[in-house]
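One structure is given below, encoded as structure tokens.
The values are calculated or read from the model by the stated rules, or taken from the named source; none is laboratory data. Remember, predicted model here, so these are calculated numbers, not experimental data. Note that each Cβ is placed from the backbone with ideal geometry, even for glycine, and that neighbours are counted across all protein chains shown.
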Amino acid sequence: MYYIGVDLGTSAVKLLLMEESGKICNIVSKEYPLFFPHPGWSEQNPEDWFTQSVEGMKELTEGIDRSQVAGIGFGGQMHGLVTLDKDDNVIRPAILWNDGRSQKETEYLNNEIGKDKLSQYTANIAFAGFTAPKILWMKKNEPEKFAQIAKIMLPKDYLAYRLSGSFCTDVSDASGMLLLDVKNRCWSKEMMEICDVKEEQLPKLYESWEVVGTLKPEVAKELGFSADVKVVAGAGDNAAAAVGTGTVGDGQCNISLGTSGTIFISSKNFGVDENNALHSFCHADGSYHLMGCMLSAASCNKWWAEEILQTKDFAAEQAPIQKLGENNVFFLPYLMGERSPHNNPDARGVFFGMSMDTTRADMTQAVLEGVAFGLRDSLEVARKLGIKIDRTKICGGGAKSPLWKKIIANVMNLKVDVLEVEEGPSMGGAMLAAVGCGAYPDVETIGKKMAHVVDTVEPEEELVAKYEERYQKFKKLYPTLKPLF
């Protein structure tokens, strides 16, 4: 049987076709536009997600026996606000995870409702990217549209709804809405009251591997699939990527160097750090995870190379970098503001420490190191909770760079395990579909079976010591500059 994983990203939907054994048969990507109607705003048209996903699935399954497709699972960009009216029409374009318009609402939640209460209700505090502040923004700024809301959903759940008719979400993605009581895996009555939302406007909650329905007959017909194809709830992109990399069970770690950067730590037990610097979310394997999220990671390197240096040859820019741990130039990677651990949408990117002998390579190196230092900030919070991590998996576009992996290993003093297949959320979505269809007993089993480590980058004692000294300097820069942002 075949399983389809749908990774609904910010710039494109990536679809993956997997056999039960884990063999990847095909991968297809379909792009769609991103709209910035005002500075700091970020929107998409949900219809684009659906049409491109359907077209992508047709392309993905060309030349195979489509009657053998058994299930579809998702990984999706988190936190986006999708609203439908009573007739299932989309009320307004989706407000995305990287949209910063809800700063006032975020401040209201953190300062007037209070971080302690939010943490008690949801295990998290408010961030501008989360869904609840967006709902409050819509209530205040678009009251007529707010009054029309019959259904509130997240981006990947819109796809599940269009494909199966099931109004659903999963607990990992719902954790990022600031509406879920994460510890008890149910909607928070207090948060619903604060946001003026009724439970019937929110989707039914599922675990990530649970079947939410089957394909609508007309969709099955268009795709050439059986109408018995199971649609599985899926997970938020980071939890889905963690499944895809085998970061399941207790005490596993995964670092993602994508557009944003994350450090993801799986845990059997629910836990919250006292400052809520890390997100405390439900995991797609039925347990919990802690996550630090930087808003700009590989996107910092992309910006530096493509916009400033005007090149797309990343490898050539990194080739002259030889002296690790000795760079006098520092880079603060806050091009889109920052989430973990600073929670400051006003933070900005900074180069520090240049002199007349600073080279182009020094600047490039500083960008790579700045992202690694930023991720270490979150790792330090986890370590203060008593979580002991000595190794991590790595995924995302930035993980293709051998140099960047070496920097990460030594800045964080972790063994970095490189996987044979690294397809992130799309692979995780297909694996969740396989569990939902009964091909595997649970998420932990399939995660451990399919994540094949082919290389490990070991930290080097001398380099770790050099980077320790650099990190101590780096971590003084943000608090010093904070009043100026």
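Among the residues making up region 259-276, those that are assigned to a loop (DSSP other than H, G, I, E, B), in contact (Cβ under 8 Å) with a residue 40 or more places away in the chain and farther than 20 Å from Thr131 by Cβ are Phe270, Gly271, Asp273, Asn275.
Criterion applied to Ser280, Ser266 was being surrounded by fewer than 24 Cβ atoms within 10 Å (Cβ to Cβ) and in contact with a strand residue (DSSP E or B) (Cβ under 7 Å, 6 or more places away or on another chain), and the one residue passing it is Ser280. Looking at the structure I just gave you, is Ala128 at pLDDT below 95 and touching a helix residue (DSSP H, G or I) at 6+ places or on another chain (Cβ under 6 Å)? The answer is yes for Ala128. Only a single item in (1) charged (D, E, K, R); (2) closer than 20 Å to Tyr2 by Cβ; (3) in contact (Cβ under 8 Å) with a residue 40 or more places away in the chain is not met by Glu55, and it is number (3).
Considered as a group, the residues in region 392-406 that are modelled with pLDDT under 95 and either part of a loop (DSSP other than H, G, I, E, B) or surrounded by fewer than 21 Cβ atoms within 10 Å (Cβ to Cβ) (or both) include one that is farthest from the chain's Cα centre (by Cα), and that residue is Lys400.
Restricting attention to region 269-303, the residues being more than 15 Å from the chain's Cα centre (by Cα), modelled with pLDDT under 95 and of a type in the set (A, V, I, L, M, F, W, C) number 3. Restricting attention to region 6-26, the residues that are at negative phi and either assigned to a loop (DSSP other than H, G, I, E, B) or not assigned by TED's automatic domain parsing to the domain that holds Ile91 (or both) add up to 6. Of all residues in region 104-115, exactly one satisfies the criterion of being charged (D, E, K, R) and either buried (at least 23 other Cβ atoms within 10 Å of the Cβ) or within 22 Å of the chain's Cα centre (by Cα) (or both), namely Glu105. Exactly one residue among Ser29, Ser53 is part of a helix (DSSP H, G or I), within 24 Å of Ser260 (Cα to Cα), assigned by TED's automatic domain parsing to the domain that holds Ser102 and not charged (D, E, K, R), and that residue is Ser53.
Would region 237-248 turn up any residue that is among the acidic types (Asp, Glu) and either part of a helix (DSSP H, G or I) or in the same structural domain as Val182 (by TED's automatic domain parsing) (or both)? Within region 237-248 (the criterion being among the acidic types (Asp, Glu) and either part of a helix (DSSP H, G or I) or in the same structural domain as Val182 (by TED's automatic domain parsing) (or both)), the answer is yes, since at least one residue qualifies.
Looking at region 80-103, can you tell me whether even one residue there is in a helix (DSSP H, G or I) and either surrounded by 18 or more Cβ atoms within 10 Å (Cβ to Cβ) or modelled with pLDDT under 95 (or both)? Yes, that holds for at least one residue.
Looking across region 186-217, the residues that are in contact (Cβ under 8 Å) with a residue 40 or more places away in the chain, part of a loop (DSSP other than H, G, I, E, B), out of contact with any Cys (no Cβ under 6 Å at 6 or more places or on another chain) and within 23 Å of Trp97 (Cα to Cα) come down to Ser188, Asp196, Val197, Leu202, Glu207, Ser208. For region 226-238, a tally of residues being surrounded by 24 or more Cβ atoms within 10 Å (Cβ to Cβ) and at pLDDT 95 or above returns 7. Go through region 341-368 and give me each residue that's within 29 Å of the chain's Cα centre (by Cα) and of a type in the set (A, V, I, L, M). Residues satisfying the conditions are Ala347, Val350, Met363, Ala366, Val367, Leu368. If only residues of region 318-348 that are part of a loop (DSSP other than H, G, I, E, B) and in contact with an Asp or Glu (Cβ under 7 Å, 6 or more places away or on another chain) are counted, the one that is modelled with the lowest pLDDT is Pro341. Checking the structure you have, find out if any residue of region 208-224 is of a type outside the set (Ser, Thr, Tyr), assigned by TED's automatic domain parsing to the domain that holds Tyr108 and closer than 30 Å to Asp116 by Cβ. No, that holds for no residue.
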